[in-house]
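Enquirer: Sharing a structure with you now.
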Amino acid sequence: MKELLTDPGTTRYILEKYGIRAKKKYGQNFLIDAGVVEGIVEAAGIGEDDCVLEIGPGIGTMTQLLAQSAGRVVAVEVDRSLEPVLEETVGDLPNVTVLFQDILKTDLTEVMKEYNEGRPMKCVANLPYYITTPVIMELLKEKGCFESITVMIQKEVAERICAGETDKEYGAISLAVQYYASPKITRDVPPSCFIPRPGVYSSVLTMQAYETPPVDAEEELMFALIRAAFNQRRKTLVNALSHGLAFKGMTISKEDAAKALDAMGLPRDIRGEKLSLEQFAGLSKLMKQ
Ligand code: SAM
(Lines give C-alpha, C1' and ligand atoms only; values in the text may rest on other atoms or scores of the structure.)
Protein backbone atom coordinates (compact mmCIF):
# COMPACT_ATOMS: atom_id res chain seq x y z
CA MET A 1 0.00 0.00 0.00
CA LYS A 2 1.10 3.58 -0.68
CA GLU A 3 2.43 5.76 2.07
CA LEU A 4 -0.48 8.07 2.87
CA LEU A 5 0.08 11.77 2.29
CA THR A 6 -1.51 12.76 5.58
CA ASP A 7 1.90 12.40 7.14
CA PRO A 8 3.19 16.03 7.01
CA GLY A 9 6.72 14.87 6.13
CA THR A 10 5.50 12.99 3.04
CA THR A 11 3.39 15.97 1.95
CA ARG A 12 6.39 18.30 2.22
CA TYR A 13 8.55 15.80 0.34
CA ILE A 14 6.02 15.55 -2.52
CA LEU A 15 5.63 19.34 -2.73
CA GLU A 16 9.40 19.76 -2.87
CA LYS A 17 9.95 16.91 -5.32
CA TYR A 18 7.59 18.49 -7.84
CA GLY A 19 8.61 22.06 -7.02
CA ILE A 20 5.05 22.93 -6.05
CA ARG A 21 4.22 26.18 -4.33
CA ALA A 22 0.66 26.51 -3.12
CA LYS A 23 -1.19 28.87 -5.48
CA LYS A 24 -3.17 31.54 -3.70
CA LYS A 25 -5.34 32.19 -6.74
CA TYR A 26 -6.65 28.61 -6.52
CA GLY A 27 -7.11 28.71 -2.74
CA GLN A 28 -4.55 25.94 -2.20
CA ASN A 29 -4.14 24.93 1.44
CA PHE A 30 -3.12 21.28 1.61
CA LEU A 31 -4.34 19.11 4.48
CA ILE A 32 -1.64 17.42 6.54
CA ASP A 33 -3.59 16.02 9.48
CA ALA A 34 -4.61 12.35 9.26
CA GLY A 35 -7.31 12.69 11.93
CA VAL A 36 -8.99 15.53 10.06
CA VAL A 37 -8.94 13.76 6.69
CA GLU A 38 -10.34 10.60 8.29
CA GLY A 39 -12.95 12.69 10.09
CA ILE A 40 -14.16 14.25 6.81
CA VAL A 41 -14.46 10.85 5.12
CA GLU A 42 -16.28 9.49 8.19
CA ALA A 43 -18.66 12.46 8.36
CA ALA A 44 -19.50 11.86 4.69
CA GLY A 45 -20.48 8.26 5.52
CA ILE A 46 -18.85 6.83 2.39
CA GLY A 47 -19.48 3.18 1.54
CA GLU A 48 -18.50 0.90 -1.33
CA ASP A 49 -21.75 1.61 -3.20
CA ASP A 50 -21.00 5.35 -3.33
CA CYS A 51 -19.65 7.43 -6.17
CA VAL A 52 -17.85 10.44 -4.70
CA LEU A 53 -17.23 13.72 -6.48
CA GLU A 54 -14.16 15.33 -4.94
CA ILE A 55 -13.61 18.99 -5.76
CA GLY A 56 -9.96 20.05 -5.84
CA PRO A 57 -7.98 16.88 -4.98
CA GLY A 58 -4.75 18.96 -4.77
CA ILE A 59 -1.94 16.43 -4.37
CA GLY A 60 -4.41 13.60 -3.71
CA THR A 61 -4.34 13.44 0.09
CA MET A 62 -8.07 12.94 0.66
CA THR A 63 -8.51 11.19 -2.70
CA GLN A 64 -6.40 8.27 -1.50
CA LEU A 65 -8.56 7.78 1.57
CA LEU A 66 -11.83 8.24 -0.32
CA ALA A 67 -10.71 5.60 -2.81
CA GLN A 68 -10.34 3.09 0.04
CA SER A 69 -13.99 3.45 1.11
CA ALA A 70 -15.91 4.45 -2.04
CA GLY A 71 -16.85 2.43 -5.09
CA ARG A 72 -15.68 5.24 -7.35
CA VAL A 73 -14.08 8.67 -6.96
CA VAL A 74 -14.26 11.39 -9.61
CA ALA A 75 -11.92 14.23 -8.71
CA VAL A 76 -12.21 17.59 -10.49
CA GLU A 77 -9.05 19.73 -10.34
CA VAL A 78 -8.55 23.08 -12.09
CA ASP A 79 -4.77 23.25 -11.69
CA ARG A 80 -3.16 21.22 -14.48
CA SER A 81 0.32 21.65 -13.02
CA LEU A 82 -0.73 19.08 -10.38
CA GLU A 83 -1.13 16.39 -13.04
CA PRO A 84 2.27 14.68 -12.53
CA VAL A 85 1.77 14.65 -8.76
CA LEU A 86 -1.71 13.13 -8.99
CA GLU A 87 -0.34 10.62 -11.49
CA GLU A 88 2.10 9.45 -8.80
CA THR A 89 -0.27 9.59 -5.81
CA VAL A 90 -3.56 8.28 -7.23
CA GLY A 91 -2.78 7.38 -10.86
CA ASP A 92 -2.71 3.65 -10.22
CA LEU A 93 -5.93 3.50 -8.18
CA PRO A 94 -8.43 1.78 -10.49
CA ASN A 95 -11.51 3.45 -8.99
CA VAL A 96 -10.18 7.05 -9.28
CA THR A 97 -10.71 9.33 -12.28
CA VAL A 98 -9.21 12.83 -12.32
CA LEU A 99 -10.80 15.44 -14.58
CA PHE A 100 -8.74 18.60 -15.12
CA GLN A 101 -11.35 21.31 -15.36
CA ASP A 102 -13.08 24.07 -13.44
CA ILE A 103 -15.82 22.73 -11.16
CA LEU A 104 -17.98 25.77 -11.94
CA LYS A 105 -17.87 24.84 -15.64
CA THR A 106 -18.48 21.14 -15.05
CA ASP A 107 -21.77 19.56 -16.13
CA LEU A 108 -22.58 17.70 -12.91
CA THR A 109 -25.53 15.83 -14.37
CA GLU A 110 -23.24 14.47 -17.09
CA VAL A 111 -20.70 13.35 -14.47
CA MET A 112 -23.49 11.60 -12.56
CA LYS A 113 -24.69 9.86 -15.73
CA GLU A 114 -21.24 8.84 -16.89
CA TYR A 115 -19.80 7.66 -13.59
CA ASN A 116 -22.78 6.65 -11.45
CA GLU A 117 -25.46 5.47 -13.88
CA GLY A 118 -27.50 8.60 -13.18
CA ARG A 119 -27.78 7.91 -9.44
CA PRO A 120 -27.06 10.68 -6.89
CA MET A 121 -23.43 11.06 -5.81
CA LYS A 122 -21.83 12.24 -2.59
CA CYS A 123 -19.64 15.33 -2.77
CA VAL A 124 -16.61 15.62 -0.50
CA ALA A 125 -14.12 18.49 -0.61
CA ASN A 126 -11.66 20.67 1.16
CA LEU A 127 -13.02 23.62 -0.78
CA PRO A 128 -10.95 26.51 -2.09
CA TYR A 129 -12.31 29.37 0.01
CA TYR A 130 -12.56 31.86 -2.85
CA ILE A 131 -15.46 29.98 -4.44
CA THR A 132 -17.16 28.42 -1.39
CA THR A 133 -20.60 29.98 -1.80
CA PRO A 134 -21.00 29.64 -5.60
CA VAL A 135 -19.84 26.02 -5.48
CA ILE A 136 -22.19 25.06 -2.64
CA MET A 137 -25.13 26.76 -4.34
CA GLU A 138 -24.35 25.13 -7.71
CA LEU A 139 -24.22 21.69 -6.08
CA LEU A 140 -27.47 22.20 -4.19
CA LYS A 141 -29.35 23.60 -7.17
CA GLU A 142 -28.44 20.60 -9.32
CA LYS A 143 -31.38 18.80 -7.79
CA GLY A 144 -31.01 15.05 -7.62
CA CYS A 145 -27.26 15.06 -8.34
CA PHE A 146 -26.15 14.79 -4.72
CA GLU A 147 -27.33 12.79 -1.76
CA SER A 148 -24.99 14.69 0.54
CA ILE A 149 -22.26 17.31 0.45
CA THR A 150 -19.45 17.30 3.00
CA VAL A 151 -17.04 20.19 2.80
CA MET A 152 -14.30 21.93 4.69
CA ILE A 153 -14.98 25.66 4.57
CA GLN A 154 -14.27 28.78 6.61
CA LYS A 155 -15.72 28.38 10.11
CA GLU A 156 -17.52 31.69 9.88
CA VAL A 157 -19.29 30.72 6.65
CA ALA A 158 -20.25 27.31 8.07
CA GLU A 159 -21.83 29.08 11.05
CA ARG A 160 -23.76 31.42 8.79
CA ILE A 161 -25.08 28.48 6.77
CA CYS A 162 -26.32 26.69 9.91
CA ALA A 163 -27.84 29.79 11.58
CA GLY A 164 -31.54 30.18 12.33
CA GLU A 165 -33.65 33.35 12.58
CA THR A 166 -32.72 33.89 16.24
CA ASP A 167 -28.97 33.90 15.53
CA LYS A 168 -26.94 36.98 14.63
CA GLU A 169 -25.19 35.07 11.80
CA TYR A 170 -28.54 34.45 10.06
CA GLY A 171 -28.59 35.60 6.43
CA ALA A 172 -29.64 34.86 2.86
CA ILE A 173 -27.10 32.01 2.64
CA SER A 174 -28.67 30.26 5.69
CA LEU A 175 -32.06 30.30 4.00
CA ALA A 176 -30.74 29.36 0.57
CA VAL A 177 -28.91 26.28 1.87
CA GLN A 178 -31.63 25.22 4.33
CA TYR A 179 -34.21 25.17 1.53
CA TYR A 180 -32.24 22.39 -0.19
CA ALA A 181 -30.50 20.55 2.65
CA SER A 182 -30.09 20.14 6.37
CA PRO A 183 -26.63 21.46 7.34
CA LYS A 184 -24.57 20.41 10.34
CA ILE A 185 -21.05 21.29 11.53
CA THR A 186 -19.20 18.14 12.54
CA ARG A 187 -15.88 19.64 13.65
CA ASP A 188 -13.73 22.74 13.73
CA VAL A 189 -10.23 22.60 12.28
CA PRO A 190 -7.33 24.90 13.24
CA PRO A 191 -4.93 26.52 10.70
CA SER A 192 -2.11 24.19 11.85
CA CYS A 193 -3.72 21.28 9.94
CA PHE A 194 -2.79 22.80 6.56
CA ILE A 195 0.26 23.77 4.48
CA PRO A 196 0.33 26.73 4.06
CA ARG A 197 -1.68 27.77 7.12
CA PRO A 198 -4.79 29.78 6.28
CA GLY A 199 -5.51 32.93 8.27
CA VAL A 200 -8.79 31.60 9.64
CA TYR A 201 -10.32 28.59 11.37
CA SER A 202 -12.18 26.07 9.23
CA SER A 203 -15.13 23.74 9.87
CA VAL A 204 -16.34 20.53 8.35
CA LEU A 205 -19.93 20.97 7.25
CA THR A 206 -22.23 18.18 6.07
CA MET A 207 -25.38 18.97 4.12
CA GLN A 208 -27.88 16.17 3.73
CA ALA A 209 -29.96 16.98 0.65
CA TYR A 210 -33.77 16.91 0.91
CA GLU A 211 -35.64 14.86 -1.65
CA THR A 212 -38.40 17.46 -1.51
CA PRO A 213 -37.99 20.94 0.00
CA PRO A 214 -39.06 21.27 3.66
CA VAL A 215 -41.48 24.13 2.86
CA ASP A 216 -44.06 24.83 0.16
CA ALA A 217 -42.89 27.94 -1.70
CA GLU A 218 -43.03 29.88 -4.96
CA GLU A 219 -39.35 29.11 -5.24
CA GLU A 220 -37.99 31.89 -7.48
CA LEU A 221 -40.15 34.56 -5.90
CA MET A 222 -39.18 33.40 -2.40
CA PHE A 223 -35.49 33.80 -3.23
CA ALA A 224 -36.15 37.27 -4.65
CA LEU A 225 -37.97 38.22 -1.42
CA ILE A 226 -35.06 36.88 0.63
CA ARG A 227 -32.53 38.84 -1.45
CA ALA A 228 -34.54 42.05 -1.12
CA ALA A 229 -34.91 41.55 2.64
CA PHE A 230 -31.24 40.87 3.32
CA ASN A 231 -29.82 43.40 0.84
CA GLN A 232 -31.37 46.04 3.05
CA ARG A 233 -31.47 44.26 6.38
CA ARG A 234 -31.72 47.47 8.43
CA LYS A 235 -34.99 48.42 6.75
CA THR A 236 -38.36 47.03 7.75
CA LEU A 237 -39.49 44.23 5.47
CA VAL A 238 -42.30 46.43 4.11
CA ASN A 239 -39.79 49.06 3.00
CA ALA A 240 -37.27 46.54 1.71
CA LEU A 241 -39.88 44.81 -0.45
CA SER A 242 -41.50 47.97 -1.76
CA HIS A 243 -38.11 49.47 -2.76
CA GLY A 244 -35.76 46.60 -3.43
CA LEU A 245 -37.57 43.68 -5.06
CA ALA A 246 -35.93 42.56 -8.29
CA PHE A 247 -38.13 39.88 -9.79
CA LYS A 248 -39.41 39.85 -13.35
CA GLY A 249 -40.48 43.50 -13.21
CA MET A 250 -42.81 42.79 -10.27
CA THR A 251 -43.51 45.60 -7.82
CA ILE A 252 -45.01 45.36 -4.35
CA SER A 253 -46.66 48.42 -2.80
CA LYS A 254 -46.15 49.19 0.90
CA GLU A 255 -49.87 48.60 1.36
CA ASP A 256 -49.76 45.10 -0.16
CA ALA A 257 -46.64 44.15 1.78
CA ALA A 258 -48.26 45.33 5.03
CA LYS A 259 -51.45 43.39 4.27
CA ALA A 260 -49.47 40.21 3.63
CA LEU A 261 -47.74 40.59 6.99
CA ASP A 262 -51.15 41.13 8.65
CA ALA A 263 -52.42 37.95 7.03
CA MET A 264 -49.44 36.06 8.44
CA GLY A 265 -49.94 37.49 11.92
CA LEU A 266 -46.60 39.36 11.78
CA PRO A 267 -46.05 42.95 12.94
CA ARG A 268 -45.92 45.56 10.13
CA ASP A 269 -42.56 46.88 11.32
CA ILE A 270 -40.80 43.50 11.34
CA ARG A 271 -37.41 43.20 9.62
CA GLY A 272 -36.78 40.42 7.11
CA GLU A 273 -34.01 38.95 9.26
CA LYS A 274 -36.63 37.86 11.81
CA LEU A 275 -38.55 35.64 9.37
CA SER A 276 -38.00 31.88 9.25
CA LEU A 277 -37.73 29.90 6.02
CA GLU A 278 -41.31 28.76 6.50
CA GLN A 279 -42.45 32.37 6.81
CA PHE A 280 -40.58 33.47 3.67
CA ALA A 281 -42.19 30.52 1.88
CA GLY A 282 -45.64 31.59 3.15
CA LEU A 283 -44.98 35.16 2.03
CA SER A 284 -44.03 33.97 -1.46
CA LYS A 285 -47.36 32.14 -1.74
CA LEU A 286 -49.27 35.23 -0.63
CA MET A 287 -47.35 37.58 -2.93
CA LYS A 288 -47.71 35.46 -6.06
CA GLN A 289 -49.56 37.60 -8.58
N1 SAM B 1 -7.98 18.41 -1.39
C2 SAM B 1 -6.65 18.95 -1.18
C3 SAM B 1 -6.31 18.87 0.29
O4 SAM B 1 -7.24 18.78 1.10
O5 SAM B 1 -5.13 18.87 0.63
C6 SAM B 1 -6.52 20.40 -1.68
C7 SAM B 1 -7.53 21.38 -1.11
S8 SAM B 1 -7.22 23.05 -1.54
C9 SAM B 1 -8.01 23.90 -0.21
C10 SAM B 1 -8.36 23.41 -2.86
C11 SAM B 1 -8.11 22.65 -4.17
O12 SAM B 1 -9.13 23.05 -5.12
C13 SAM B 1 -6.79 22.94 -4.83
O14 SAM B 1 -6.22 21.75 -5.30
C15 SAM B 1 -7.16 23.86 -6.01
O16 SAM B 1 -6.24 23.81 -7.10
C17 SAM B 1 -8.53 23.33 -6.38
N18 SAM B 1 -9.39 24.29 -7.09
C19 SAM B 1 -9.42 25.65 -6.96
N20 SAM B 1 -10.36 26.20 -7.76
C21 SAM B 1 -10.96 25.16 -8.40
C22 SAM B 1 -11.99 25.08 -9.38
N23 SAM B 1 -12.60 26.18 -9.84
N24 SAM B 1 -12.35 23.86 -9.85
C25 SAM B 1 -11.71 22.73 -9.39
N26 SAM B 1 -10.72 22.74 -8.47
C27 SAM B 1 -10.35 23.94 -7.97
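Enquirer: When DSSP beta bridges are limited to those with both residues in the chain, what percentage is antiparallel, rounded to the nearest 5? Working shown, then result.
Expert: On the way: 17 of 37 bridges.
Rounded to the nearest five, the antiparallel share is 45 percent.
Enquirer: Identify, among P196, G282, P267, the residue whose Cα sits farthest towards the positive end of the charge dipole of the chain, taking +1 on the Cβ of Lys and Arg and -1 on the Cβ of Asp and Glu, with the dipole about the Cα centre.
Expert: About the Cα centre, the residue reaching furthest to the positive side is P267.
Enquirer: While we're looking at this one, here's another question. What aspartates and glutamates could a cross-link reach from K254, if we take a straight Cα to Cα line under 17 Å and drop same-chain neighbours fewer than 8 places away?
Expert: D262, D269
Enquirer: Moving on. Net charge around S242, counting only other residues with Cβ within less than 13 Å of its Cβ (Lys, Arg = +1; Asp, Glu = -1)? List each step's numbers first, then the result.
Expert: Numbers: positive: K235, K254, K259, R268; negative: E255, D256.
Local charge sum for S242: +2.
Enquirer: A further question on this structure: Please calculate the 1.4 Å probe accessible area of S192, with all protein chains present, and give it to the nearest 10 Å².
Expert: Result for S192: roughly 60 Å² accessible.
Enquirer: Suppose all protein chains stay in the model; what accessible area per residue would a 1.4 Å probe give for the chain, in Å²? Present the calculation step by step, with values, prior to reporting the outcome.
Expert: Values: 13840 Å² over 289 residues.
In whole numbers, the chain has 48 Å² accessible per residue.
Enquirer: Cβ under 14 Å from P198's Cβ, P198 left aside: what net charge do those residues give with Lys, Arg +1 and Asp, Glu -1?
Expert: On the way: positive: K23, K24, K155, R197; negative: D33, E156, D188.
Here the count lands on +1.
Enquirer: Can you tell me which of L108, L175, L31 moves the most in a GNM of the chain? Springs connect C-alpha atoms under 10 Å apart.
Expert: Fluctuation is largest for L108.
Enquirer: Just the Kirkwood number for segment 219-288, please: inverse of mean 1/r across all distinct Cα pairs, in Å, one decimal.
Expert: Working: mean 1/r = 0.0870 Å⁻¹.
Value: 11.5 Å, from the Cα pair sum.
Enquirer: Taking amide hydrogens as modeled 1.01 Å from N in the peptide plane, which residues meet the under 5 Å criterion relative to V98, leaving out close sequence neighbours?
Expert: Residues meeting the criterion, in which the H sits 1.01 Å from N, are A75.
Enquirer: Suppose we look only past 29 Å in the calculated P(r) of the chain. What percent of the Cα-Cα pairs does that tail hold?
Expert: The share of Cα pairs beyond 29 Å in the chain comes to 40 percent.
Enquirer: Here's another thing I want to ask about it. Run the 1.4 Å probe and let me know the accessible area of E219, rounded to the nearest 10 Å².
Expert: Approximately 60 Å² for this residue.
The values are calculated or read from the model by the stated rules, or taken from the named source; none is laboratory data. Values in this document were obtained by computation on a predicted structure and should not be read as measured data. Here Cβ is always computed from backbone atoms with ideal geometry, including for glycine, and neighbour counts include all displayed protein chains. Side chains included, ligands, DNA and RNA excluded: accessible areas come from the protein's heavy atoms. Shrake-Rupley method; radii C 1.70, N 1.55, O 1.52, S 1.80 Å.
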